[in-house]
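The values are calculated or read from the model by the stated rules, or taken from the named source; none is laboratory data. Everything quoted here is computed from the prediction, not taken from an experiment. Using ideal geometry, Cβ is built from the backbone for each residue, glycine included, and neighbour counts are taken over all protein chains shown. These area figures cover heavy atoms from the full protein model, side chains too; ligands, DNA and RNA do not enter into them. Shrake-Rupley method; radii C 1.70, N 1.55, O 1.52, S 1.80 Å.
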Amino acid sequence: MSKSHYLGTTSRLALLAVVASLLVTAGGAKAQEVVEDEAVEAETSTEVREMTVVSERDRAGLLEQQPSDLLFGLKKPLLETPRSATFVSDETLAAYGIETVDDLTAVSPGTFTASYYGVSGALNVRGLLAETYFHGFKRIENRGTYQTPIGAASRVDILRGPPTANFGPGKVGGMLNFEPKTAKISEEAGYMTEVSGEVNATLGSYDKKNGSFEVGIPLNFGDTAGGVFVYAEIEDSKSFYRGIEPEHQLIQTTAQFETLNGWRYGGGVMYYNSDGYLQTPGWNRVTQDLIDNGNYTTGTNSGVPDLNGNGYLDLSEIGGGLSYYPAWWVFPTPGTAELDTGVGTAPLSRRTVYTSPYDFNATTTLTLYGDLIKSFGDGSELKFQLFYDSLDNERFVSYGFPAAYDAYTIEGRVSYNFAVKPPESPVGADFNFGFSNRYYNATKKESFNYAGIALDRRDLTQGATPTDILGSPFIPGSGYTWDYDTKSKWNNLGFFGMADFDFENLVKLTTTGRYDMYWVDSVERGSLCYCVPDRQHDMDDSFTYSVMLMVMGPYGIRPYATYAETAALEFGQAGDLAPERIGRGSYVSEGDLLEAGIKLEAFDGILTGSLAAYRQHRTVLDNVGGGVDETRGEGVELELRYLATPNLSFTFAGNVQKTVFLDSYDAFYYFRPESLGLNPVDWYGVGIASPFSSLAGITGNNYYAGEIEDRRIPEKVLSLYGTYTTDQYAWGHAGTTWGVRYVSETAGLAANPVKYPDYFLVQASAYVDFQSWKLALNVDNVFDEEYFTPLQDLYGDVAVLPGKGREWRLTATYRF
C-alpha cells in the first residue's frame, strides 16, 4: 500500500469514526431523560468519589487536575476542548526522563523534530516548526540557537494547530507553552503554607554534571496571601559527541499574590546563559554504504592551502569564492574539487561529528512577565498582562557559518472574561474579549562566507584542519564580512474575541476571531545580499478566525470538528523581516486547518485520550534565498492515558503524517554529487548547491518540478510507556518507568536519496523515595540502538546526525 493511499485510508477511517460517534451521540442524547433536582446531590458525591479515585491512581501526573485558561483563554479542561492538545506535568517530565523538547515525542503525538544542527531549541509539530510561548506569550525565535530549558516549568502544553486568538497571530502547525513554577499549589489547595524546596545533583555518562535548587516561600500579610518561588540550575558537562561540552546557568523567580477583595498580582523573571551547545551538521559525505555498513569515504584535497599558517582559510585563500559550473554553485573552484590524498574508506564512530576548536555558540536570554487580575463577584475577570523577552546570540560553525542575533520583544495584553447564563435557559456562554500590542526589534547578522561553504571538504576521520576551517567576521583581518545584516522592527496591534457556547452540556460551540494590524520596517546592510538594499516599510492587516464544535456523547466519547484560517508574519531566525518581502507586500502569509477527532474520558476518567485527523496548509520561509514555499500536511494522531491500577499506568502517543511542498520546492539547497550523476570522490572538495527546483532543468528529472514529500520527517512515530509505583510504606516508596519509541524510515529530499532505517529506542528509569531523600536512575537508549536523524535545513541531503548511544544519569534529591 502506498504512503498516500495509506494516509488517505487512515484519515477516512478516522473521519468515519467521528461521524459514527456523532450519530451515537445524537441517539444517546435523545434517549436521555431529564435529571431530577433530587439527584443532584448524589451525582455530586459520585463525582467527588471519581475524582478521588483518579487522583490516587495518577501518581505520574498524567492528567490535568483542573480546568485552566493558560492555553485557550477560557477555563475548560483539555478533554472538553475541540482542539488536539497535550498536557505534560513536571511529574511526567521527571518520570519519563524528558530533558529537552525533542524528548516530548514520548508523550505527545506529531512532535518528532528533525535535527536543527544538534541543538534542541524548537519543536516540530505536524511536520513543521512550532512556535514557543512562555506564560502564554510568544518568545523570540529559537531555531537551534540554544537548548530550550525545561526544568523550570511546572507544566508544558503542546497545542497542535494555530495558537488561540488571545495568544496573537501565528502559523498553523503547532505551539509549545511553558508555564513557570510558582508558590501556588493549585486553585483548590491555594499557596504553600511553609517554606519548602529541594536540591538536586545529577551525575551521568560522558561527564554529565547538573545541579538545581528550588524553594517556595509563603508570604502572607494582612488580607493578602501568596508567595515567591525560586528555581536555579547549572550545567557543566561533556556530551556523547566529541568536542561538544555544553554548559548553562538559569535562574527563575516568580511571585504571586491574592487579596480578599478579588485582586491577584504577580510576575516573574527568568535569566538564561549558555555556552558550548555547538551547532553541528553531524556526519558529512553521506552515502547509503555509510549508513548501512559504516564505510566512510576518506581523503582530503590539497588545492586550497592555508598559505599564511594562521590555522584557517582567509577570504583571499579560498580562490575568489564561488563558481557557476555549469548551472549550480560550486566552492571554491572546480579545479579544487577532487580528493587527492588518503582516498579510501574507514569506519566512523557515532561520537565523531563535525566540530572544530574554532566553533562556538554563546546565548543569553532574559524573560519577564507581569499579571494584574481583578476577579468580580459575578465570576468575571479583568486581566492586565505585560511580557518581555530578549535574545543575544553569537555563533560560528567552522564550515563557514557565523551568525549574530540581537532581538527583543515587548507585549501588552488586556482581556475581560465573563459568563452569561440566563435563568432557566438551556444555553450558557463564556466570553473573552481583549486586545494586545506586540513590539519586536531584531538585528540579524549572517554570513555564508561568500558561498564558501563545503561540508564534504573535511575528512571526519582526520578531524578539522586549516584547509577546511573558514574564517569569519568575528576574526579581524580574515577578510570576511556579514553577507546579511538585517535591521527590523515591527509592531502588531490586535483585537480578539472568543465565545464558548454550551447547549445543556450536550453540544459545545466555540468561535474565535482576531483582527491584526502590522507596521513593519526593515533595512538590509549586508555586503553580499541579493536583495533590496534600501529601507522598506509598510502597513498591512489581517483577519483570522476559527470555529470549533464538540458533542458531549455518552460513555465519555466527545467527537469534535475544527476549522481555522490564520495569518502571520513571515520572519527569519531572529524574528527579522526581509526588506524585499516588505517591498513586494508579501510579508504576511496565510494558512488553514481542518481537523476532526474524538476526545475520550471513560471509566470515570481512568482512561482518557484523543484521536484526531487533520489537513493543513502552511508556508515555510527559505532563510537563504528569502522565498516562501507552500506546504500541505495530512495526518492522524492518537493519544491515550490509562490509569490501570493505583500502582500501574500506561501512555500511548502515535501519529501517521505526510507533509509535502506544493508546486515543487524552491529553496536554496545543497546536493550530494550523486544527485547530479557525479563521482563523489571527484567533488567532495567543494560544495554543490542550487535552488531545489532548478534541478529539474539541470538533470532532466521532473521529480524536482512536482510536489516534494518532506521525507526528513518520519511517516510514523509511536511511543508506549508504562509506570509502576509501589504503595506507600513507612520508609517511603519506589517506582520505575519503561518506554519504547518507534520511528519509521526517513530520507533526504532529493531524488534517490540516502535512506535512514526505522528504529526502536527503549528508555528506562527507576527511583527510590525515602521521603526527604530520593535517588533516581535514568537510562536512555537502553540497547544502544544505532539510528540517524536528518537535518531540517538546506543540508538535509549532505549531512545527517547520528543518534546518541546509551546514556545514563543518576540524580540525588534532598527535600526540605
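Scanning the range 214-268 for residues that are part of a strand (DSSP E or B), closer than 25 Å to GLY805 by Cα and of a type outside the set (D, E, K, R) yields ILE234, HIS248.
The set of residues from the range 561-577 being open to solvent by 30 Å² or more (accessible area, probe 1.4 Å) and either assigned to a loop (DSSP other than H, G, I, E, B) or not small (Gly, Ala, Ser) (or both) comprises TYR563, GLU565. Just one of the listed residues (VAL656, VAL660, VAL636, VAL686) is on the phi < 0 side of the Ramachandran plot and touching a Gly at 6+ places or on another chain (Cβ under 7 Å), and it is VAL656.
Here is the figure for the range 750-760: residues that are open to solvent by less than 50 Å² (accessible area, probe 1.4 Å), closer than 15 Å to TYR703 by Cβ and out of contact with any helix residue (DSSP H, G or I) (no Cβ under 7 Å at 6 or more places or on another chain) total 1.
Among the residues of the range 656-670, count how many are among the hydrophobic types (A, V, I, L, M, F, W, C) and open to solvent by 10 Å² or more (accessible area, probe 1.4 Å).
Result for the range 656-670: 3.
Within the range 432-452, the residues that satisfy the criterion of being farther than 24 Å from TYR369 by Cα and more than 24 Å from the chain's Cα centre (by Cα) are SER447, PHE448, ASN449, TYR450, ALA451, GLY452.
Within the range 102-116, can you find the residues that are farther than 23 Å from SER89 by Cβ, in a loop (DSSP other than H, G, I, E, B) and touching a strand residue (DSSP E or B) at 6+ places or on another chain (Cβ under 7 Å)?
Going through the range 102-116, the residues farther than 23 Å from SER89 by Cβ turn out to be 114-116.
Keeping just the survivors that are in a loop (DSSP other than H, G, I, E, B) gives 114, 116.
ALA114, the sole residue that qualifies.
When the range 682-698 is limited to residues that are closer than 24 Å to THR467 by Cβ and either open to solvent by 10 Å² or more (accessible area, probe 1.4 Å) or not hydroxyl-bearing (Ser, Thr, Tyr) (or both), the one that is farthest from the chain's Cα centre (by Cα) turns out to be ASP682.
Okay, residues lined up against (1) open to solvent by 10 Å² or more (accessible area, probe 1.4 Å); (2) modelled with pLDDT of 95 or more; (3) of a type in the set (A, V, I, L, M); (4) closer than 26 Å to TYR354 by Cα:
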position: LEU382; (1), (2), (3), (4): yes, yes, yes, no
position: GLN385; (1), (2), (3), (4): yes, yes, no, no
position: PHE433; (1), (2), (3), (4): yes, yes, no, no
position: ASN441; (1), (2), (3), (4): yes, yes, no, no
position: SER447; (1), (2), (3), (4): no, no, no, yes
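Within 30 Å of GLY211 (Cβ to Cβ) and in contact with a Phe, Trp or Tyr (Cβ under 9 Å, 6 or more places away or on another chain): does that describe GLY805? Before the answer, list the steps.
Numbers: within 30 Å of GLY211 (Cβ to Cβ): yes; in contact with a Phe, Trp or Tyr (Cβ under 9 Å, 6 or more places away or on another chain): yes.
So GLY805 passes the test.
Answer yes if at least one residue in the range 103-116 is closer than 27 Å to ASN441 by Cα and of a type in the set (Phe, Trp, Tyr), and no otherwise. First the steps, then the outcome.
Taking the range 103-116 and keeping what is closer than 27 Å to ASN441 by Cα, we get 116.
Filter again for of a type in the set (Phe, Trp, Tyr), leaving 116.
Checked the range 103-116: at least one residue is closer than 27 Å to ASN441 by Cα and of a type in the set (Phe, Trp, Tyr).
GLN728 passes every criterion in (1) open to solvent by less than 20 Å² (accessible area, probe 1.4 Å); (2) free of Cβ contacts under 8 Å to residues at least 24 places away in the same chain apart from (1). With respect to (1) closer than 30 Å to ASP58 by Cα; (2) surrounded by 19 or more Cβ atoms within 10 Å (Cβ to Cβ), the lone exception for VAL800 is condition (1). Among the numbered conditions (1) touching a residue at least 24 places away in the same chain (Cβ under 8 Å); (2) surrounded by fewer than 19 Cβ atoms within 10 Å (Cβ to Cβ), the only one that SER239 does not meet is (2).
Residues that are closer than 28 Å to ARG139 by Cβ and not in a strand (DSSP E or B) do occur in the range 443-452, at least one of them. In the range 561-576, the residues that are over 30 Å from VAL523 (Cβ atoms) form Cβ pairs under 8 Å with partners that are modelled with pLDDT of 95 or more and of a type in the set (Phe, Trp, Tyr), at six or more places apart or across chains, as follows: ALA564/TYR545; GLU565/TYR545.
Quick one: would you say ALA734 is over 26 Å from the mean Cα position of the chain (by Cα), modelled with pLDDT of 95 or more and not aromatic (Phe, Trp, Tyr)?
Numbers: over 26 Å from the mean Cα position of the chain (by Cα): yes; modelled with pLDDT of 95 or more: yes; not aromatic (Phe, Trp, Tyr): yes.
Criteria met by ALA734.
Regarding ASP538, is this residue at pLDDT 95 or above, of a type outside the set (Phe, Trp, Tyr) and out of contact with any Leu (no Cβ under 9 Å at 6 or more places or on another chain)? Step through it out loud before you land on a result.
Working: at pLDDT 95 or above: yes; of a type outside the set (Phe, Trp, Tyr): yes; out of contact with any Leu (no Cβ under 9 Å at 6 or more places or on another chain): yes.
The answer is yes for ASP538.
Scanning the range 407-415 turns up at least one residue that is over 23 Å from the mean Cα position of the chain (by Cα), of a type in the set (Lys, Arg) and under 25 Å from PRO169 (Cα atoms). Considering ASN679, ASN701, the condition of being open to solvent by 10 Å² or more (accessible area, probe 1.4 Å), touching a residue at least 24 places away in the same chain (Cβ under 8 Å) and not aromatic (Phe, Trp, Tyr) is satisfied by ASN701 alone.
Give the residues of the range 482-524 that are in a strand (DSSP E or B), acidic (Asp, Glu) and open to solvent by 20 Å² or more (accessible area, probe 1.4 Å), sorted by residue number.
Our first condition is that a residue be in a strand (DSSP E or B); within the range 482-524, this holds for 484-503, 507-524.
Within this subset, residues satisfying the condition of being acidic (Asp, Glu) are 485, 500, 502, 516, 521, 524.
Matches in the range 482-524: ASP485, ASP502, ASP521.
Selection of the range 131-146 for residues being outside any strand (DSSP E or B) and either among the β-branched types (Val, Ile, Thr) or farther than 27 Å from TRP490 by Cβ (or both) yields ILE140, THR145. If I ask for residues that are closer than 15 Å to THR297 by Cα, touching a Leu at 6+ places or on another chain (Cβ under 8 Å) and open to solvent by less than 20 Å² (accessible area, probe 1.4 Å), which ones from the range 335-367 would you list? Listed by number, the residues that qualify are VAL353, TYR354. Select, from ILE217, ILE251, the only residue that is in contact with a Phe, Trp or Tyr (Cβ under 8 Å, 6 or more places away or on another chain), open to solvent by 30 Å² or more (accessible area, probe 1.4 Å) and without any contact (Cβ under 8 Å) to a residue 24 or more places away in the chain. Testing whether each residue is in contact with a Phe, Trp or Tyr (Cβ under 8 Å, 6 or more places away or on another chain), open to solvent by 30 Å² or more (accessible area, probe 1.4 Å) and without any contact (Cβ under 8 Å) to a residue 24 or more places away in the chain leaves just ILE251. ASP534 meets all of the listed conditions (1) among the charged types (D, E, K, R); (2) surrounded by fewer than 18 Cβ atoms within 10 Å (Cβ to Cβ); (3) assigned to a strand (DSSP E or B) but one, namely (3).
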